[in-house]
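The values are calculated or read from the model by the stated rules, or taken from the named source; none is laboratory data. Everything quoted here is computed from the prediction, not taken from an experiment. Here the Cβ positions follow ideal geometry from the backbone for every residue, glycine too, while neighbour counts run over all protein chains shown. Just so you know, the surface numbers come from the protein's heavy atoms only, side chains and all, with ligands and any DNA or RNA stripped out. Shrake-Rupley method; radii C 1.70, N 1.55, O 1.52, S 1.80 Å.
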2 protein chains.
Amino acid sequence: LQDRALLTLAPLLYVAWSDGSLTESEVHRIRQRLSHQGDDVQKILDQWLNPSSPPSPSQLYKLLEMMRAANRGHEKKRFKSLAEFGRFLGRAPDGQSAADDDATPELRALQEVEAALGVVGTEALRAIIGGPDGIVHPQAGPLPNLDALRSFVDAERADIRRLVFKVLERPEFDRSTIKDFDDYRQRTLEWCRMLAQMGIGGYGYPEEYDGEGNIPKSITAFETIAFFDLSLLVKFGVHFGLFGGSVYQLGTKKHHDAYLRDIASLKLPGCFAMTETGHGSNVRDIQTVASYDVGTREFIINSPSRAAWKDYIGNAAQHGRMATVFAQLEVNGEQHGVHAFLVRLRDEQGMVLPGITIEDNGRKIGLNGVDNGRIGFKDVRIPRENLLNRFGDVSAEGKYSSDIPSAGRRFFTMIGTLVAGRISIAAASVSAAKLGLTISTRYASKRRQFGPEGGAEVPILTYRTVQKRLLPFIARTYALDFAIQDAVRLFKNPDLESKELEIRAAALKAMASRHAVDSLQYARELCGGKGYMWENRLGELRADTDIFTTFEGANPVLMQLVAKGLLTDLREQFEEMRVRAVLRHLTVRASTAVAELNPVITRKTDVDHLRDPEFHLNALKYREARLLHTVAGRIRRMIGDGRDSFDAINDVQDHLVKLAEAYGERIALESFQDRVHRAQNDSVRASMTSLCGLYALACIEADRAWFMESGYIEPGKSKAIRRELSEACVRQASAALTYVDGWGIPDRYAPALGE
Amino acid sequence: LQDRALLTLAPLLYVAWSDGSLTESEVHRIRQRLSHQGDDVQKILDQWLNPSSPPSPSQLYKLLEMMRAANRGHEKKRFKSLAEFGRFLGRAPDGQSAADDDATPELRALQEVEAALGVVGTEALRAIIGGPDGIVHPQAGPLPNLDALRSFVDAERADIRRLVFKVLERPEFDRSTIKDFDDYRQRTLEWCRMLAQMGIGGYGYPEEYDGEGNIPKSITAFETIAFFDLSLLVKFGVHFGLFGGSVYQLGTKKHHDAYLRDIASLKLPGCFAMTETGHGSNVRDIQTVASYDVGTREFIINSPSRAAWKDYIGNAAQHGRMATVFAQLEVNGEQHGVHAFLVRLRDEQGMVLPGITIEDNGRKIGLNGVDNGRIGFKDVRIPRENLLNRFGDVSAEGKYSSDIPSAGRRFFTMIGTLVAGRISIAAASVSAAKLGLTISTRYASKRRQFGPEGGAEVPILTYRTVQKRLLPFIARTYALDFAIQDAVRLFKNPDLESKELEIRAAALKAMASRHAVDSLQYARELCGGKGYMWENRLGELRADTDIFTTFEGANPVLMQLVAKGLLTDLREQFEEMRVRAVLRHLTVRASTAVAELNPVITRKTDVDHLRDPEFHLNALKYREARLLHTVAGRIRRMIGDGRDSFDAINDVQDHLVKLAEAYGERIALESFQDRVHRAQNDSVRASMTSLCGLYALACIEADRAWFMESGYIEPGKSKAIRRELSEACVRQASAALTYVDGWGIPDRYAPALGE
């Protein structure tokens, strides 16, 4: 009987001790939960749960032997928990356990102990009954079929990818022959011309202007160029995307007729002159002025101060002939807010025009193929027609008109047209991350360092520290890629004013650019000295993408834009003290909390649950909802206390940023899960289910402190999540090479870091 | 009576709702704790604690007014908790509270509620009774006297700093005139020569060889050079530190006599040829061979394969004349492990000698003033005397002898002499972080973006998101600086075999180089587009320091070295199954756990406690001890299960890394606290006490998930820590400029990012 009791407890005792050691308080909790069990159980606990005299290795080994003996012949039987396994081992000799139902108090007590220990039940079981050597052999994740994985990843992008890669294979696209700084700028321009000749620049423009009216296609082309050279990417984006896009989105037919064809062919190289030295992200307060002269029917453009010069403008230092210039519109001394104007910078011979001063930004940390510069305006006169007048116009007589009466809304509508640029940068960030992770994963699978005493050295991909950092980066890259593809699909609706798209674009741009910088930094470090050599691309990729966190809207600003979007213009509501909307939020929250904070779930630690996509999505949804409702409550309180709304928003700034991050991670998980759900190939679905789970667990694990603080998980469950993630990384490490190969990056862009 | 009860509860209710909103489960917990209170209390709770109908802003404002009225005339009274304040407000009209002692059950119940809410008691109080506007005005931290702060920071370094800065002020040290890649290498060499002429290179060598026998002084000089140019730093370090240091540390008098003077004067530029293409951090397995030829009494040096070439060797591509070459010593076919040999690379005219092939590593991500290269050896013969024979020698007749019988210990003793290099890199990393944080903090205090409706734009340093990231970086820089100074002081003992110093050096190198990369990345992003311009140094600083995480021992390898050091060579003990040492660890742990996991402390959230240096240090000590003991237990278990020790170590690799991080953060806190304790100036002591607390809280906050999982803090306390840290950052933001000025970096190295 004593032996049977010991066998029942054995799996728990074994796992409890095998995972490091037990604290006094853990022992106390276990004993408390088992205090109603019989004397024999208490005796065993006295012997085995004394923290000042833990069992010796050989005692534990004997326990293992006992369990194996009792389990012999039943190796294929599966158990949901250690408790269940223990009950099976301790079953009566007749072979049938007295009670096989799940409801015995004994079983429940054991399961509680298991949950309190934060033990990943069946994983640990596998170690115990796995093999005669008692060694945990992490099961390799299912390897997906590579071709199937590639079509799964690229989906509708495949054809455009192929086409662009084909063009980039031409001998002219050879980075190795770049001579110096000046040559790099020149070559980047020539590359742009070649892409224009192939019609690649105009994919997004309407067919009547030599385009294809297909923004998703233009974004795919853009992100594909990223594998080749990021200076080309940015110069291409500045001209075709920002300059051309602003003419298309902010202009009207007369502008399209006059310019779009020349823009698509790069006959008219252009700039996008929005940012000013003194005003980076705060576009609403730029100081360049465009005042209407009713006498000559012209606008006069001026930079009233040095801080009002346009700065960091791509294409400005050397090649731009025209610029879309954002300026405060003034008519008859009346202010109408920021508008965009077409201003010629250089003549046909490339000479800078009178009234315009251009300075070269010179050498930058990266992207040195792009000629960034500063532009100052002094009494530069442009015809009235050069106002891009889709959202606001000035008549010849100097009357201002707009379909959007509110100046604030007008501004945000104009800015909203930038959304394609943001999504493009997000997509290019993912390309850069893919490239860096491909290079470094391949290196890690070959590079050998250290090894067992007397044995050969092992690939560094075998190291736990490597697996646990590399796999989450790979998984997150997949998630972001799918989320961006989903956002891009929203462009099929040509109406770009979609609030939803704007929020998604901002969140994904911030998240993906951060991810690119972080993963490239890790990739560099993983490749050690090799990664530091210039020719191996990692340093260049990182230096080039670094500014992605800043341009097209600095990340912290974008994150707040996201959060404010989620608060559905709550700020305005606060100013008007419309409290009802806030209360509605709070009521929704209260019901969410009830549904979610079920103690059974906050403690649940079995593997099935931890790997359950529903658990993953619920956790990320809960976090987002709760962050939204609590921040709404905080702002409400402060406004109620008479705080200025700017102050109140500043006070909760990091709460807002956290909300935006939570939103971004949630939509990325939804995209990933949705894509996995629709996978046709079994091997792809199986492996991608695992990788998607890894992504989700990595999100939860990284923020598990918050989940504990909010009561969504208990510390035992937090530990279990940590372990499950860790084991998922180990299990899937053998698939890492296939995962990165799934991105289909041609070898010429991902050089093997050889001798 | 009803009003008195409401007043008693008012502070708690107000703070509970003002901080976002309450969850159903929080409400449940509060009500449970107060369930024994009278009917009037229950009525109030019914009214005020209904999550589906939270109090309106105006209701809460009335509550505030009530409290202020009850408190009028007592504004200066201080309370330790909201509960105490509530009791005071609800006191009987006679003005005297019935029971003023701390032990009433009522007070205890309220205090429990407060702890469960994770409320920072007195901070919140300040908001309530602070001023008539009800606005929290974060108290600015005490501003330290700048001169006093500078002498506090530099301490004994001040004179050497001044001297080196003086030299670097000479017109020859002008980076702006560097023409190109080749010129940069040449200039770096010339700068080294000038430093040598001033005797700065030889500070660490004995006086009889034109040195000063003062390693701390040499490290101070080194870290000061970092402010000027990091290529110079590295070239200087390679020659004087690694090459010269290896001759001094691994050689004997004959080598000192022959070379040290020429090394100190840079007459003999040298290399340190340890790393091989195929073996980065795994020095023990390098493949270069030095076999003794008894006939000619020479060693023959060979690179048996391409992977055995020495790689990334500084000074090799152009300027090195001699190298300390690490190779496997073979005598009569017998292997004696890695030894160091002096090998001439080039003749007096700079021509590469026969048998030696040198390739240029070419352009790197950074440090392009250093001429790194690869070296291959083919039958290169060197005299027997060129073996650096301090720890092992070969007689003319080919007999090997050593004072250290174990080959393993001999190897680690040799490697241990590198400790000065590691500490130097740690110190230089801190210099780079100081420089980047100085540039970006100054920028953030001037750069204005956004602002209240209709008001002026505000400096970005006013933003919470900026404060909450910048201040912890500054605080950690201070902590690391002091910890490194403390480690450097250990060199006063010329015996460099100190195990303690080795562990400290490895931990601080890994921690500081990581910190440099992270803080420079943040500094760049904080400075936006300005930070991306090459001339503003941030990009260069980051690119240059990036490899600091890899060279002188890759960080992940060093972290494991630290952890293994802390496990006091446990691996060897495991191999021999000496379990007793492990058990000793576990017993110590058990007693620690009992002392620490007192529920009063795991829940304690008053400000005095959260700011208590003792709490900070205890938390970091507890974490380190527990990580050490649990990892020991895990390894023990796996070895007991018959796992190979290499496998076992790999399995707990991230546990080991975490242990090393915990160790590093703890020793840095001890150094910081100790220094603060000895501060003479009151304003310095006050402000540094705050900054030291900020550092400690940032460490705890970043790892609060672990602290919760281990039961050291409860979720309510975790929230309180998060808030206290956040408020500390806000409070000290106004001191940020003074903190960075305290580092005393001349303005010429920290350019204002102007127009």
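Against the list (1) of a type outside the set (Gly, Ala, Ser); (2) over 26 Å from B:Gln485 (Cα atoms); (3) out of contact with any Phe, Trp or Tyr (no Cβ under 6 Å at 6 or more places or on another chain), the condition B:Ile178 fails is (3).
Taking the condition in contact with a helix residue (DSSP H, G or I) (Cβ under 9 Å, 6 or more places away or on another chain), at pLDDT 95 or above and hydroxyl-bearing (Ser, Thr, Tyr), does B:Tyr712 pass? Criteria not met by B:Tyr712.
Within the stretch A:204-255, being hydroxyl-bearing (Ser, Thr, Tyr) and touching a Pro at 6+ places or on another chain (Cβ under 9 Å) holds for one residue alone: A:Tyr248. The residues on offer are A:Ala444, A:Ala427, A:Ala407, and the sole one that is within 17 Å of A:Thr220 (Cα to Cα) and not charged (D, E, K, R) is A:Ala427.
Test A:Tyr463 against the stated conditions and say whether it is of a type in the set (Ser, Thr, Tyr) and under 11 Å from the mean Cα position of the chain (by Cα). Can you show your working first?
Working: of a type in the set (Ser, Thr, Tyr): yes; under 11 Å from the mean Cα position of the chain (by Cα): no.
Criteria not met by A:Tyr463.
Residues in the stretch A:656-684 that are in a helix (DSSP H, G or I), surrounded by fewer than 18 Cβ atoms within 10 Å (Cβ to Cβ) and either within 14 Å of chain B (Cβ to nearest Cβ) or charged (D, E, K, R) (or both): A:Glu670, A:Asp674, A:Asp682. Scanning the stretch B:363-398 for residues that are part of a strand (DSSP E or B) and over 35 Å from the mean Cα position of the chain (by Cα) yields B:Gly376, B:Phe377, B:Val380, B:Arg381, B:Ile382, B:Pro383, B:Leu387, B:Asp393, B:Val394. The set of residues in the stretch B:184-217 that are closer than 17 Å to B:Asn372 by Cα and open to solvent by 30 Å² or more (accessible area, probe 1.4 Å) comprises B:Gln186, B:Arg187, B:Glu190. Scanning the stretch A:543-555 for residues that are facing chain B (nearest Cβ under 8 Å) and within 11 Å of A:Lys509 (Cα to Cα) turns up A:Thr549, A:Thr550, A:Phe551, A:Ala554, A:Asn555.
Yes/no matrix, rows are residues, columns are (1) open to solvent by 40 Å² or more (accessible area, probe 1.4 Å); (2) assigned to a helix (DSSP H, G or I); (3) at pLDDT below 80:
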position	(1), (2), (3)
A:Leu6	no, yes, no
A:Ala10	no, yes, no
A:Leu13	no, yes, no
A:Val41	no, yes, no
A:Pro55	no, no, yes
A:Arg68	no, yes, yes
A:Ala92	no, no, yes
A:Leu107	no, yes, yes
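Against the numbered list (1) open to solvent by 10 Å² or more (accessible area, probe 1.4 Å); (2) of a type in the set (Phe, Trp, Tyr); (3) at pLDDT below 80, B:Trp48 comes up short only at (3). Taking the residues in the stretch A:607-621 that are in contact with a Ser or Thr (Cβ under 9 Å, 6 or more places away or on another chain) and open to solvent by 10 Å² or more (accessible area, probe 1.4 Å) as candidates, determine which candidate is nearest to the other protein chains (Cβ to nearest Cβ). My answer is A:Lys621.
Only a single item in (1) at pLDDT 95 or above; (2) within 30 Å of B:Glu397 (Cβ to Cβ); (3) over 34 Å from the mean Cα position of the chain (by Cα) is not met by B:Phe326, and it is number (3).
State whether one or more residues within the stretch A:424-441 are in contact (Cβ under 8 Å) with a residue 12 or more places away in the chain and open to solvent by 20 Å² or more (accessible area, probe 1.4 Å). Looking through the stretch A:424-441, none of the residues is in contact (Cβ under 8 Å) with a residue 12 or more places away in the chain and open to solvent by 20 Å² or more (accessible area, probe 1.4 Å). B:Phe299 falls short on exactly one of the conditions (1) closer than 21 Å to B:Val283 by Cα; (2) away from every other protein chain (no Cβ under 14 Å); (3) loosely packed, with under 15 Cβ neighbours inside 10 Å, and that condition is (3).
Taken together, B:Val562, B:Val582 contain a single residue that is open to solvent by less than 10 Å² (accessible area, probe 1.4 Å), modelled with pLDDT under 90 and assigned to a helix (DSSP H, G or I), which is B:Val582. Pick from the stretch A:521-542 the residues that are aromatic (Phe, Trp, Tyr) and facing chain B (nearest Cβ under 7 Å): which of them is surrounded by the most Cβ atoms within 10 Å (Cβ to Cβ)? Of everything passing the filter in the stretch A:521-542, A:Tyr532 is surrounded by the most Cβ atoms within 10 Å (Cβ to Cβ). The residues of the stretch A:702-749 that are in a loop (DSSP other than H, G, I, E, B), under 22 Å from the mean Cα position of the chain (by Cα) and surrounded by fewer than 23 Cβ atoms within 10 Å (Cβ to Cβ), listed by number, are A:Asp703, A:Gly744, A:Ile745.
Annotation for the stretch B:310-328: no member residue is surrounded by fewer than 17 Cβ atoms within 10 Å (Cβ to Cβ) and either touching a His at 6+ places or on another chain (Cβ under 8 Å) or closer than 16 Å to B:Lys235 by Cα (or both).
Against the numbered list (1) in contact (Cβ under 8 Å) with a residue 40 or more places away in the chain; (2) assigned to a helix (DSSP H, G or I); (3) farther than 21 Å from A:Leu520 by Cα, A:Cys699 comes up short only at (3). For the stretch A:468-479, the criterion of being within 14 Å of another protein chain (Cβ to nearest Cβ), small (Gly, Ala, Ser) and in a helix (DSSP H, G or I) is met by none of the residues.
Inspect all residues belonging to the stretch B:480-496 and state whether any of them is under 20 Å from the mean Cα position of the chain (by Cα), open to solvent by 10 Å² or more (accessible area, probe 1.4 Å), facing chain A (nearest Cβ under 9 Å) and within 24 Å of B:Lys658 (Cβ to Cβ). Within the stretch B:480-496 (the criterion being under 20 Å from the mean Cα position of the chain (by Cα), open to solvent by 10 Å² or more (accessible area, probe 1.4 Å), facing chain A (nearest Cβ under 9 Å) and within 24 Å of B:Lys658 (Cβ to Cβ)), the answer is no, since none of the residues qualifies. Checked against the criterion of being among the charged types (D, E, K, R), surrounded by 19 or more Cβ atoms within 10 Å (Cβ to Cβ), under 30 Å from A:Asn372 (Cα atoms) and modelled with pLDDT of 90 or more, the candidates B:Asp546, B:Asp518 yield just one match: B:Asp546.
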